[in-house]
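Here is the structure we will look at, set down as structure tokens.
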Amino acid sequence: MTSVVNTEAITIESFLSELDERSLANDVLDGLTKPFKELPPKHFYDGRGSELFERICELPEYYPTRAEKQILVDRADEIVAATGAGELVELGSGAADKARILLAAMDEAGTLQRYVPLDVSEQVVHDAAHALVQEYVGLQVHGVIGDFERHLDRVPDADGVPRLVALLGGTIGNFPPGTRRRFLRRIGTLLGPSDRLLLGTDLVKDPEVIEAAYDDSRGVTAEFNRNVLHVINRELDADFPTDGFDHVAFFDRRHEWVEMRLRARTACTVQISDLGLEIEFAAGEELRTEISAKFTRARLEADYAAAGLELQGWYTDDEQRFALSLASLADR
Ligand code: SAH
Ligand code: AVI
């Protein structure tokens with residue numbers, strides 16, 4: 001742990017450290033020396049990346065945020081009544097806009113006690129914690145700045161009230177299928193018998209609608225995609241010509257996921273000084289930076305079963321674009 005901030009209503013613990021600089025270094029070393037180059041999406045989210053993501057959420061083409069918010073606005077009371085939740089743990093909490101809708105419903109139901117946001121982006125956790133304790137008198141916020149793939153054990157023990165663990169925005173779709181199931185199983189370790197997972201999943205739909213959401217007309221998603229190159233340039237003293245890479249986004253119909261890639265416009269050699277590494281890109285060569293899987297209810301139920309979880313509730317928006325589901329530990 002590198003730092004702890006503690007005021008009466010707010011505790012913030014950070015578990016990002018040198019280890020995480022090595023995590024970027026190791027991911028870059030692994031990912032850029034593979035025959036088909038790829039990087040994990042978590043490195044998009046420095047301060048600038050988080051801001052770009054928030055701009056994406058407001059784009060007319062990016063329907064998932066609006067669809068998920070609509071479900072929350074319409075059904076949060078029902079979700080809170082069904083779970084009796086007094087604590088919200090949110091993994092990849094971002095700006096906590098959606099958490100606000102759930103916290104308001106918990107407040108209304110008289111159960112609200114604690115919010116536990118966990119995010120790799122330090123600023124978003126600080127901002128959300130300070131804003132939310134002003135908005136809800138008596139709310140405790142325990143922020144965890146960390147990597148949800150490595151720091152789930154840093155989520156504080158449940159407070160004796162039913163807990164809702166939320167993973168919203170479709171973030172589960174950013175994991176490849178096997179990792180996704182392992183991650184869901186690990187999320188299960190945060191749940192007791194009366195706790196529930198609340199999971200947001202984007203649904204399979206017309207590929208044109210999906211592709212537009214990941215290749216917007218204003219180029220915000222393109223800039224978000226290229227941000228990973230800015231992060232590597234800054235953190236690992238590299239010299240990626242960021243403008244020399246085109247944004248590519250397409251729906252892979254076989255896997256039912258979107259892929260984002262960066263395509264080198266011309267052949268180039270990139271020095272990554274901190275790693276003593278020289279990487280060659282051929283003209284037109286692509287680097288995969290993200291997958292974003294789209295779900296059917298059947299696929300999600302299969303993932304839950306493989307992870308020792310069981311579907312308990314299914315909520316969609318009017319146009320069936322996005323689903324929120326509630327899951328519990330499966331009966332053994
Ligand atoms: N839940 C919000 C934000 C989704 S964006 C919403 O639905 O709008 C994904 C969020 O997950 C970002 O805030 C990003 O910083 C965070 N994130 C991505 N990878 C992460 C990781 N490995 N560990 C912790 N947080 C991560
Ligand atoms: C965070 N995640 C669920 C987003 C998604 O839709 O997969 C990230 C994103 N990538 C491009 N636009 C948004």
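The values are calculated or read from the model by the stated rules, or taken from the named source; none is laboratory data. Model, not experiment: these values are computed from the prediction. Cβ coordinates were reconstructed from backbone atoms using ideal geometry, including for glycine residues, and neighbour counts include every protein chain displayed.
Of the residues that make up region 283-294, is at least one without any contact (Cβ under 8 Å) to a residue 40 or more places away in the chain and over 30 Å from residue 181 (Cβ atoms)?
Keep residues of region 283-294 that are without any contact (Cβ under 8 Å) to a residue 40 or more places away in the chain, which gives 283-284.
If we keep only those that are over 30 Å from residue 181 (Cβ atoms) as well, we get 283-284.
Yes.
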Tally up the residues in region 86-121 that are in contact with an Asp or Glu (Cβ under 8 Å, 6 or more places away or on another chain), more than 16 Å from ligand 2 (Cβ to nearest atom) and under 30 Å from residue 17 (Cα atoms), please.
6
If residue 94 meets every condition in (1) among the small types (Gly, Ala, Ser); (2) more than 16 Å from ligand 1 (Cβ to nearest atom); (3) outside any helix (DSSP H, G or I) apart from one, which number is that one?
(2)
Within the group 287, 236, which residue is in contact with a helix residue (DSSP H, G or I) (Cβ under 6 Å, 6 or more places away or on another chain) and of a type in the set (A, V, I, L, M)?
236
Only one of these conditions is not met by residue 72: (1) away from ligand 1 (no atom under 14 Å from the Cβ); (2) closer than 17 Å to residue 315 by Cβ; (3) buried (at least 22 other Cβ atoms within 10 Å of the Cβ). Which number is it?
(1)
Criterion violated by residue 56 - all others in (1) of a type outside the set (Lys, Arg); (2) more than 16 Å from ligand 2 (Cβ to nearest atom); (3) modelled with pLDDT of 95 or more satisfied:
(2)
Considering only residues that are part of a strand (DSSP E or B) and hydroxyl-bearing (Ser, Thr, Tyr), look in region 8-44 and name the one that is nearest to ligand 1 (Cβ to nearest atom).
14
Tell me the strands (runs of 3 or more DSSP E) entirely within region 245-332 that contain at least 1 residues that are under 23 Å from residue 212 (Cβ atoms).
245-252, 257-264, 286-293, 309-316, 322-329
Candidates 327, 264, 305 - the one that is in contact (Cβ under 8 Å) with a residue 24 or more places away in the chain and surrounded by 20 or more Cβ atoms within 10 Å (Cβ to Cβ)
327
Give, as residue ranges, the helices (runs of 4 or more DSSP H) completely inside region 135-240 that count at least 2 residues that are basic (Lys, Arg), in contact (Cβ under 8 Å) with a residue 12 or more places away in the chain and more than 16 Å from ligand 2 (Cβ to nearest atom).
177-188
Looking at 189, 201, 171, 179, which is the one that is surrounded by fewer than 16 Cβ atoms within 10 Å (Cβ to Cβ), at pLDDT 95 or above, within 14 Å of ligand 1 (Cβ to nearest atom) and not acidic (Asp, Glu)?
179
Give region 76-99 a look and list any residue that's surrounded by fewer than 21 Cβ atoms within 10 Å (Cβ to Cβ), among the aliphatic types (A, V, I, L, M) and free of Cβ contacts under 8 Å to residues at least 40 places away in the same chain, or say none.
81
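This table checks each residue for (1) farther than 19 Å from residue 197 by Cα; (2) within 24 Å of the chain's Cα centre (by Cα); (3) not β-branched (Val, Ile, Thr).
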position	(1), (2), (3)
241	yes, no, yes
248	yes, yes, no
255	yes, yes, yes
261	yes, yes, yes
281	yes, no, yes
286	yes, yes, yes
289	yes, yes, no
296	no, yes, no
Residue 112 vs (1) of a type in the set (A, V, I, L, M, F, W, C); (2) assigned to a helix (DSSP H, G or I); (3) more than 19 Å from the chain's Cα centre (by Cα): all pass except (2)
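Conditions (1) within 16 Å of ligand 2 (Cβ to nearest atom); (2) of a type in the set (Ser, Thr, Tyr); (3) in contact with a Pro (Cβ under 7 Å, 6 or more places away or on another chain), marked per residue:
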{"residue": "265", "(1), (2), (3)": "no, no, no"}
{"residue": "271", "(1), (2), (3)": "no, no, no"}
{"residue": "284", "(1), (2), (3)": "no, no, no"}
{"residue": "292", "(1), (2), (3)": "yes, yes, no"}
{"residue": "295", "(1), (2), (3)": "yes, no, no"}
{"residue": "300", "(1), (2), (3)": "yes, no, no"}
{"residue": "304", "(1), (2), (3)": "no, yes, no"}
